[in-house]
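Trainee: Below are the structure tokens for one structure; questions will follow.
The values are calculated or read from the model by the stated rules, or taken from the named source; none is laboratory data. Just so you know, these numbers come straight off a predicted model, no measurement behind them. A quick note on method: Cβ atoms are made from the backbone with ideal geometry, for glycine too, and the neighbour counts reach across all protein chains shown. Areas reflect the complete protein model, heavy atoms only, side chains present, ligands, DNA and RNA absent. Shrake-Rupley method; radii C 1.70, N 1.55, O 1.52, S 1.80 Å.
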Protein chains: 2
Amino acid sequence: MSFDRLIEGIKRTKNPTVAGLDPKLDFIPAYIKEEAYAQYGKTLEGAAEALYRFNVGLIDALCDIVPAVKPQAAYYEMYGWEGVRVLKRTIEYAKSKGMFVITDGKRNDIGTTMEAYAKAHLGVTEVEGEPLEVFGGDALTVNAYLGTDGVKPVLNVCRDSDKGLFVLVKTSNPSSGELQDRKLDDGMTIYQTMGRMCEQWGAELPGKYGYSGVGAVVGATYPAQLGELRQALPHTFFLVPGYGAQGGGAQDVA
Amino acid sequence: MSFDRLIEGIKRTKNPTVAGLDPKLDFIPAYIKEEAYAQYGKTLEGAAEALYRFNVGLIDALCDIVPAVKPQAAYYEMYGWEGVRVLKRTIEYAKSKGMFVITDGKRNDIGTTMEAYAKAHLGVTEVEGEPLEVFGGDALTVNAYLGTDGVKPVLNVCRDSDKGLFVLVKTSNPSSGELQDRKLDDGMTIYQTMGRMCEQWGAELPGKYGYSGVGAVVGATYPAQLGELRQALPHTFFLVPGYGAQGGGAQDVA
């Protein structure tokens with residue numbers, strides 16, 4: 001099971017950190033950009049190439065001490081298909097260095113459409129009977145507002161391809177409570193309900209370390225809810241964003 | 001405002017239909033596929049090219065009688081960056097034929113990350129001060145489980161670029177009720193709450209026909225909820241999937 005591999009990576013590196021690969025052009029060193037522009041122009045392709053070279057440097061620096069990377073799809077998509085091609089190349093490079101790759105796409109849809117996203121990011125697409133790997137991530141973040149119809153197709157691909165997913169449960173942003181913290185008529189909040197659904201969905205993808213292949217995204221910025229969910233969801237592996245720039249600290253996630 | 005243009009297209013064609021561009025390789029005529037494979041091989045690129053040629057035929061046939069198309073991003077993404085390039089080319093072609101393009105991506109994230117998606121699909125990406133259009137759709141579907149932080153950045157891009165968004169409110173799939181129909185402690189359901197948020201967000205993007213730039217996705221498969229939401233959300237334009245194959249009929253949406 002996919003998260004078994006992640007857990008083994010965490011043990012090997014003694015580090016439970018996932019490094020975000022959210023490259024912003026403004027923060028990339030000028031010499032990297034100049035080289036890319038010289039080759040491809042000040043274009044979407046040139047910008048995307050600069051992101052790739054920056055990522056390669058990061059991955060080279062991190063691959064022995066950090067077990068996983070999380071490229072954020074939006075920062076590639078904003079450079080068009082040229083950026084999306086760099087997302088694929090980045091995933092490929094990180095995997096070639098032994099890293100576990102979580103594609104942060106927050107994809108969501110239903111039925112065969114969700115299956116298409118799952119094939120794209122975790123499985124294979126068939127062209128005339130030939131299975132072709134597309135993006136090749138090890139796990140994908142998923143938004144489950146649409147219910148089981150939006151998760152089941154991903155579970156199927158995960159089972160076939162040894163991959164995993166992380167469902168948004170309690171996100172790290174300031175307004176996450178507008179909907180997620182609202183109480184339902186049974187007294188549970190929406191995020192608690194979503195968490196419970198993760199445990200149910202996860203029963204289909206058991207792992208050897210006690211965690212299923214259905215993880216949950218739970219922000220470090222809400223330590224009380226994080227602690228509460230950690231107790232309530234014993235088989236659910238957590239991806240905890242919001243550490244650092246967003247304000248979450250070591251004591252919040254301990 | 002973007003939906004003003006859509007409404008004018010509906011009046012011109014006397015047709016409130018949006019045609020889905022969800023091409024599935026298995027349903028594309030053999031001669032189109034063979035031509036594409038001859039040029040690009042039985043590869044992701046060859047498959048994507050077949051999708052494009054099929055879309056061009058559809059758009060040519062529809063552009064005088066249907067005002068809008070809705071390409072489903074997943075069916076392009078499953079063919080990798082080659083497919084994503086065809087999404088862009090499809091949008092470009094539909095716009096060149098005067099059609100309004102709703103990119104069905106159900107994108108969602110927060111802050112600058114959501115801004116990146118909004119720039120990608122509706123606005124422009126800057127490379128060294130040069131604004132470059134990326135995908136160029138007229139509207140984007142958005143999942144707002146993350147609250148206002150995930151919608152506000154899209155509103156800003158819509159205001160600057162004369163674009164619109166559709167928020168998932170009550171989706172057409174069988175399991176949409178698992179979460180969306182649950183009652184909150186104030187007696188409102190989650191989908192009603194989401195609908196009300198659309199009205200609030202929409203106040204920032206007023207249009208001249210009484211509808212704001214924040215639309216709602218409400219499935220034709222739930223006619224009772226559709227009627228109820230239509231009453232409750234007077235300024236919110238509806239995108240109504242589920243007509244046809246999913247079981248919704250003309251009486252359900254009348």
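Trainee: Consider only pairs whose beta carbons are under 7 Å apart and that are at least six residues apart or on different chains; among these, list those whose first residue lies in the stretch A:38-63 and is over 15 Å from A:Thr90 (Cβ atoms) and whose second residue is open to solvent by 50 Å² or more (accessible area, probe 1.4 Å) and not in a helix (DSSP H, G or I).
Mentor: Close Cβ pairs (under 7 Å, with a partner that is open to solvent by 50 Å² or more (accessible area, probe 1.4 Å) and not in a helix (DSSP H, G or I)) amount to A:Lys42/B:Glu128; A:Lys42/B:Glu130.
Trainee: Quick check on the stretch B:213-229. Is at least one of its residues over 17 Å from the mean Cα position of the chain (by Cα), away from every other protein chain (no Cβ under 13 Å), among the polar types (S, T, N, Q) and more than 30 Å from A:Gly41 (Cα to Cα)?
Mentor: For the stretch B:213-229, residues over 17 Å from the mean Cα position of the chain (by Cα), away from every other protein chain (no Cβ under 13 Å), among the polar types (S, T, N, Q) and more than 30 Å from A:Gly41 (Cα to Cα): present.
Trainee: What do you reckon, is A:Ser172 assigned to a loop (DSSP other than H, G, I, E, B) and modelled with pLDDT of 95 or more?
Mentor: The answer is no for A:Ser172.
Trainee: Could I ask something else about it? What is the residue count in the stretch A:67-79 for residues that are within 14 Å of chain B (Cβ to nearest Cβ) and not in a loop (DSSP other than H, G, I, E, B)?
Mentor: 7
Trainee: Does A:Glu178 count as within 8 Å of chain B (Cβ to nearest Cβ) and either within 27 Å of B:Asp186 (Cα to Cα) or free of Cβ contacts under 8 Å to residues at least 40 places away in the same chain (or both)?
Mentor: yes
Trainee: Go through the stretch B:105-125 residue by residue and tally those that are at the interface with another protein chain (Cβ under 8 Å from one of its Cβ atoms) and among the acidic types (Asp, Glu).
Mentor: The number of residues fulfilling the criteria is 1.
Trainee: Just checking, does the stretch A:91-103 include any residue being at the interface with chain B (Cβ under 9 Å from one of its Cβ atoms) and within 26 Å of A:Val218 (Cα to Cα)?
Mentor: no
Trainee: Shifting gears a bit: Output the residues belonging to the stretch A:218-237 that are open to solvent by less than 40 Å² (accessible area, probe 1.4 Å) and in a helix (DSSP H, G or I).
Mentor: A:Gln225, A:Leu226, A:Gly227, A:Leu229
Trainee: Next question, about the same structure. Within the stretch B:1-20, restricting attention to residues that are within 17 Å of B:Pro241 (Cβ to Cβ) and among the β-branched types (Val, Ile, Thr), which residue is surrounded by the most Cβ atoms within 10 Å (Cβ to Cβ)?
Mentor: The extreme case among them is B:Val18.
Trainee: Picking from A:Gly202, A:Gly187, A:Gly195, A:Gly210, which residue would you name as being out of contact with any Phe, Trp or Tyr (no Cβ under 6 Å at 6 or more places or on another chain), at positive phi and at pLDDT 95 or above?
Mentor: A:Gly210
Trainee: Here are the criteria: (1) aromatic (Phe, Trp, Tyr); (2) at pLDDT below 95; (3) closer than 25 Å to A:Glu178 by Cα. Tell me which single one B:Phe237 does not satisfy.
Mentor: (2)
Trainee: Another question about this same structure. Which of the residues spanning the stretch A:189-203 are more than 8 Å from chain B (Cβ to nearest Cβ) and under 11 Å from B:Leu184 (Cβ atoms)?
Mentor: A:Thr189
Trainee: Report, by residue number, each residue of the stretch B:21-31 that is open to solvent by less than 20 Å² (accessible area, probe 1.4 Å) and part of a helix (DSSP H, G or I).
Mentor: B:Leu25, the sole residue that qualifies.
Trainee: Something else about it: Return yes when B:Leu165 is surrounded by 17 or more Cβ atoms within 10 Å (Cβ to Cβ), more than 8 Å from chain A (Cβ to nearest Cβ), modelled with pLDDT of 95 or more and not in a helix (DSSP H, G or I) and no when it is not.
Mentor: Against the criterion (surrounded by 17 or more Cβ atoms within 10 Å (Cβ to Cβ), more than 8 Å from chain A (Cβ to nearest Cβ), modelled with pLDDT of 95 or more and not in a helix (DSSP H, G or I)), B:Leu165 qualifies.
Trainee: Do we find a residue being touching a strand residue (DSSP E or B) at 6+ places or on another chain (Cβ under 8 Å) and over 19 Å from B:Lys106 (Cα atoms) anywhere in the stretch A:172-179?
Mentor: Among the residues of the stretch A:172-179, at least one is touching a strand residue (DSSP E or B) at 6+ places or on another chain (Cβ under 8 Å) and over 19 Å from B:Lys106 (Cα atoms), which makes the answer yes.
Trainee: Scanning the stretch B:150-160 for residues that are open to solvent by less than 40 Å² (accessible area, probe 1.4 Å) and assigned to a helix (DSSP H, G or I), which turns out farthest from the other protein chains (Cβ to nearest Cβ)?
Mentor: Residue satisfying both the conditions and the ranking: B:Cys158.
Trainee: Another question about this same structure. Kindly list, by first and then second residue, each pair from a residue in the stretch B:103-117 that is hydroxyl-bearing (Ser, Thr, Tyr) to a residue that is assigned to a strand (DSSP E or B), limited to pairs with Cβ atoms under 7 Å and residues at least 6 apart or on different chains.
Mentor: B:Thr103/B:Pro71; B:Thr103/B:Leu140; B:Thr113/A:Gln72; B:Tyr117/B:Arg107
Trainee: Only residues that are without any contact (Cβ under 8 Å) to a residue 60 or more places away in the chain, surrounded by 17 or more Cβ atoms within 10 Å (Cβ to Cβ) and more than 18 Å from B:Glu228 (Cα to Cα): list them for the stretch B:181-217, please.
Mentor: B:Trp201, B:Gly202
Trainee: Which of the residues spanning the stretch A:165-180 are hydrophobic (A, V, I, L, M, F, W, C) and farther than 19 Å from A:Arg230 by Cα?
Mentor: A:Leu179
Trainee: Of all residues in the stretch A:33-52, which are assigned to a helix (DSSP H, G or I) and buried (at least 18 other Cβ atoms within 10 Å of the Cβ)?
Mentor: Once the filter is applied, which keeps residues that are assigned to a helix (DSSP H, G or I) and buried (at least 18 other Cβ atoms within 10 Å of the Cβ), the stretch A:33-52 yields A:Lys33, A:Ala36, A:Tyr37, A:Leu44, A:Glu45, A:Gly46, A:Ala47, A:Ala48, A:Glu49, A:Ala50, A:Leu51, A:Tyr52.
Trainee: Here's something else I'd like to know. Do you know which residues across the stretch A:90-111 are under 22 Å from B:His121 (Cβ atoms) and under 16 Å from the mean Cα position of the chain (by Cα)?
Mentor: Passing the criteria: A:Thr90, A:Ile91, A:Thr103, A:Asp104, A:Gly105, A:Lys106, A:Arg107, A:Asn108.
Trainee: So, A:Asp64, is that one facing chain B (nearest Cβ under 8 Å) and assigned to a loop (DSSP other than H, G, I, E, B) or not?
Mentor: no
Trainee: When the stretch A:126-149 is examined, which residues are found to be at the interface with chain B (Cβ under 10 Å from one of its Cβ atoms) and closer than 29 Å to A:Thr193 by Cβ?
Mentor: Within the stretch A:126-149, A:Thr141, A:Asn143, A:Ala144, A:Tyr145, A:Leu146, A:Gly147, A:Thr148, A:Asp149 qualify.
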